[in-house]
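Chemist: This is the structure, below, for whatever I ask next.
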Amino acid sequence: MSNAMDIQAPTWDLSQIFSGFDGTDYQQALADYTAGMDDLDKRLADVTAQQSDFSRWLADYLVKSNKTGALEESLNAFAYAMYSTDTTNSEYLNNVSKLEELGLQSTAQNLVFQGILTKYSPDLSTFYTSYPQFAQYQYVLEQVIQDGTHRMSQAEENLAADLCRTGGAAWSRLHEQVISNLTDPATGKTFNEIRNEAYSPDPAVRKAAWETEISLLKSVEIPIAAALNNLKGATVTLNRRRGWSQAISRSLASANMGEKTLAALIGAIEDSLPFWREYLQLKGRLLAMDCGGGTEAPAGCAFYDLFAPLPRLGDAAGSCGAAVKMEGWSFADARDYIVERFSGFSQDMGDFARTAFAENWIDAKVRKGKVGGAYCIDFPSKGVSRVLSNFTGSFSDVTTLAHELGHAYHHHCIAGLDYELTHYPMTLAETASIFAENIVMKDIISRCQGFDKLQLLELHLQDSCQVLVDILSRFYFEQSVFAERKQGELSAEDFCRLMAQAQERSYGSGLSPERHQYMWAVKTHYYSPDLDFYNFPYAFGLLFALGLHAQYQQQGEGFAQVYQALLRDTGSYSCEEVCRRAGFDIETREFWAAGIKTFGAELEELKSYEKAVTGGSCGA
């Protein structure tokens, strides 16, 4: 294992996508995109062609739309990728804004196409017969028609899209810029560096970082609260005009998922809350016992200790090699480990990861002006992806890389399909990423013994608790925000109150009174004008991925092809149908509960550890 300071995290290479905003390749792609949109405008206006042979017109339109749409997403992805590593760069920001403005034309086209498709919907059966190569479009086109029932007039939709550039999108960028440029005056550390200290083994460092984080957020609460208040206010207004009874209805439609499935998922998580509170209380006791902390049971786990590594107490021992260290990973260590693990699942997935690292697809270096967290972004016209992370050398950073590369592999599996068949919902996107993360976690846990194994089991419980319990708190928070925003304006104080209530409702007795009422200011997803209730897809992905991994353990190597086929289907069917094809009924609470029950054995091992060290001396 490399020295903890020898991280050597890279920045990515985007030159294989485009050489730069002034490059001839970028300018040509931009010209092809604008020409493609102009051509689509002409086709949409050609009423004669539509009336004389609608099936032929639709086939020709889809071919052109696929090419233009792939270019549009790739150009926007390039602009955002550049901007997200330097959020104050005016050139990058101007290009993001320019593409948003150009996108208004395609937004208008989508509305016109939606109207034409609805008008000629009785002819679609003839279209699928005449052009069987488009048979897989059936669900996609039905969704376009259904979405049309929740649209304002074309003029109103065009105006809403235009105003979003200086409204919702601008508020979203304000949040990104404020957070990404926050620094601690005392140390000069960026906000993201401070947040990463939540993983420190030193309790004093964790608590100090939490206090600094809250202090910094409080110092900018007015502009951030204004951003969230106005974003959610715009959503409330637009949802009312578009005929959505509530924000969650629009989110479910975007997720290609039914209310029955969501109710089953949320209900199963709520049923499991006593289990997760028991885990958090246990973690709080173990941390209190660490190095003279005493054996008196604390009130629960402090919020700043949620990501604390499991302390080594008594004479606990164990081994699975240096690769299991919670800190001290170099980027090269992470690369080699992930490639090896992915290759163990399938040669195709291993070769894919090897290419991603070799061709420098990943921007992992922490620096001022770069957005926090991690994401994967796709370039469909090129058939490739790029990954952003903030790598500090923790094992959690390794699993984050695996997670994001899981997203990239998903795109790799659907890259050969028509562009219109590649728009999979967030629920199934998170399934792919969490499945990849599980490949890493399950493998390394299986190799370990003693304390090393306990340490990883706790990390797995820690991550899963976030995906289920913290995600539930965010779901509750957003529900309450929309309910109150319908009645009036919301301030930073209101958001803090609602977040505190949501954390109490989900974490409850699992947490001590030291909580984080400013989590609404941290999570960037809240500030996306088109992404309400981003939260439940993560829980969906975790539990569905657990089901898939159980199948993998039963079927062995042959499952890799089944998995690839499942990923290819994700843009062509509803969540329920994709899962049904994989052998799961996700509309039942029992399905989701079965995934949660798999954590029981992990908690039992931690409880045995507590019993073994109670009354013992601190230290390894």
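The values are calculated or read from the model by the stated rules, or taken from the named source; none is laboratory data. None of these values were measured; they are calculated from a predicted model. Here the Cβ positions follow ideal geometry from the backbone for every residue, glycine too, while neighbour counts run over all protein chains shown. For the accessible areas, the whole protein counts, side chains as well, though only heavy atoms, and no ligand, DNA or RNA atoms are used. Shrake-Rupley method; radii C 1.70, N 1.55, O 1.52, S 1.80 Å.
Chemist: In µm²/s, what is D for the range 128-282 at 20 °C and 1.002 mPa s, where D = kT/(6 pi eta Rh) by Stokes-Einstein and Rh is the Kirkwood radius from Cα pairs?
Modeler: 106 µm²/s
Chemist: Once both axes come from the Cα atoms, what is the angle between helix 221-242 and the longest principal axis of the chain, in degrees from 0 to 90, rounded to 10?
Modeler: Computed tilt is about 40 degrees.
Chemist: Which value, in debye to the nearest 20, gives the size of the charge dipole of the range 50-102 about its Cα centre, when Lys and Arg are +1 and Asp and Glu are -1 at the Cβ?
Modeler: Result for the range 50-102 is approximately 220 debye, rounded to the nearest 20.
Chemist: If you project the alpha carbons of the range 103-160 onto their three principal axes, what span does each projection cover, largest first, in Å?
Modeler: Sorted from largest, the Cα extents of the range 103-160 read 38, 21, 15 Å.
Chemist: Same structure again: Compute log10 of I(q)/I(0) for the range 566-609 with the Debye formula, placing one identical point scatterer on every Cα and leaving out solvent, at q = 0.19, 0.29 Å⁻¹, to two decimals.
Modeler: Per q value, in the given order, log10 I(q)/I(0) is -0.66, -0.96.
Chemist: Compute the angle between helix 559-569 and the longest alpha-carbon principal axis of the chain, please, reported from 0 to 90 degrees and rounded to the nearest 10.
Modeler: 40 degrees
Chemist: Taking Rh as the Kirkwood radius, which is the inverse of the mean 1/r over Cα pairs, what is the Rg/Rh value for the chain?
Modeler: 0.96
Chemist: In degrees from 0 to 90, rounded to the nearest 10, what is the angle of the helix 168-180 Cα long axis to the longest principal axis of the chain?
Modeler: Helix 168-180 sits roughly 30 degrees off the main axis of the chain.
Chemist: Taking only the alpha-carbon atoms of the range 475-620, what semi-axes of the equivalent ellipsoid follow from 5 times the gyration tensor eigenvalues under a square root, in whole Å, largest first?
Modeler: The three semi-axes for the range 475-620 are 33, 29, 13 Å.
Chemist: With every protein chain left in place, what is the accessible area per residue of the chain in square angstrom, probe 1.4 Å?
Modeler: 40 Å²
Chemist: Also: Would you calculate, for the chain, the mean residue ellipticity at 222 nm contributed by helices, counting each DSSP H stretch of 4 or more residues as -39,500 (n - 2.57) and dividing by all residues, to the nearest 500? Provide the component values of the computation, followed by the final result.
Modeler: Working: 27 runs with 395 residues, N = 620.
Theoretical 222 nm ellipticity from helices: -20500 deg cm²/dmol.
Chemist: Once Lys and Arg get +1 and Asp and Glu get -1 on their Cβ, which of T129, L71, A108 lies farthest toward the positive end of the dipole of the range 56-149?
Modeler: Comparing the listed Cα positions along the dipole, T129 ranks first.
Chemist: State the volume of the convex hull built on the alpha-carbon positions of the range 410-531, expressed per residue in Å³ and rounded to an integer.
Modeler: Details: hull volume 16.7 nm³, N = 122.
Spread over its residues, the Cα hull of the range 410-531 gives 137 Å³ apiece.
Chemist: Hey, another quick one. Counting only protein heavy atoms and a 1.4 Å probe, tell me what percentage of the chain's accessible area is made up of carbon and sulfur.
Modeler: Exposed carbon and sulfur together represent 50 percent of the surface.
Chemist: Follow-up question, since we're still on this one. To check you understand DSSP bridge types, tell me what percent of the beta bridges within the chain (both residues inside) are antiparallel, rounded to 5. Spell out each step's value before the answer.
Modeler: On the way: 7 of 10 bridges.
Counting DSSP beta bridges with both partners in the chain, the antiparallel share is about 70 percent.
Chemist: Let me spell out the model: positive unit charges on the Cβ of Lys and Arg, negative unit charges on the Cβ of Asp and Glu, origin at the Cα centre of the chain. What dipole size does that give, in debye rounded to 20?
Modeler: Its charge dipole is roughly 720 debye.
Chemist: Given the convex hull over the Cα atoms of the range 130-191, what projected area results after averaging over all orientations, in nm²?
Modeler: Value for the range 130-191: 8.1 nm².
Chemist: For the peptides 386-394, 180-188, 424-432, what is the packing order when you average, over each peptide's residues, the other Cβ atoms within 10 Å and list the highest mean first?
Modeler: 424-432, 386-394, 180-188
Chemist: Between the DSSP loop rule and a limit of at most 10 other Cβ atoms within 10 Å, which GluC sites (Glu not before Pro) in the range 224-301 are left?
Modeler: E296
Chemist: For K232, give me every one of the lysines with a C-alpha distance below 29 angstrom, ignoring sequence neighbours fewer than eight places off in its own chain.
Modeler: K98, K218, K260, K368, K370, K486, K523
Chemist: How do the peptides 200-211, 399-410, 445-456 rank, highest first, by the average count of neighbouring beta carbon atoms within 10 Å per residue?
Modeler: So the order, starting with the most tightly packed, is 399-410, 445-456, 200-211.
Chemist: Going down the table (K365/K453; K42/K64; K442/K597), which pairs top 19 Å between alpha carbons?
Modeler: Values: K365/K453 29 Å; K42/K64 12 Å; K442/K597 16 Å.
Violating the 19 Å limit, Cα to Cα: K365/K453.
Chemist: Kindly give the semi-axes, whole Å and largest first, of the ellipsoid equivalent to the range 1-68, taking each as the square root of 5 times a Cα gyration tensor eigenvalue.
Modeler: Semi-axis lengths for the range 1-68 are 45, 16, 7 Å.
Chemist: So for each of 300-310, 373-383, 582-592 I average, over its residues, the number of other beta carbons within 10 Å; can you give me the resulting order with the highest mean first?
Modeler: Highest mean packing first, the order is 300-310, 373-383, 582-592.
Chemist: Which percent of the Cα-Cα distances in the range 45-112 go past 15 Å?
Modeler: Cα-Cα pairs in the range 45-112 separated by more than 15 Å: 63 percent.
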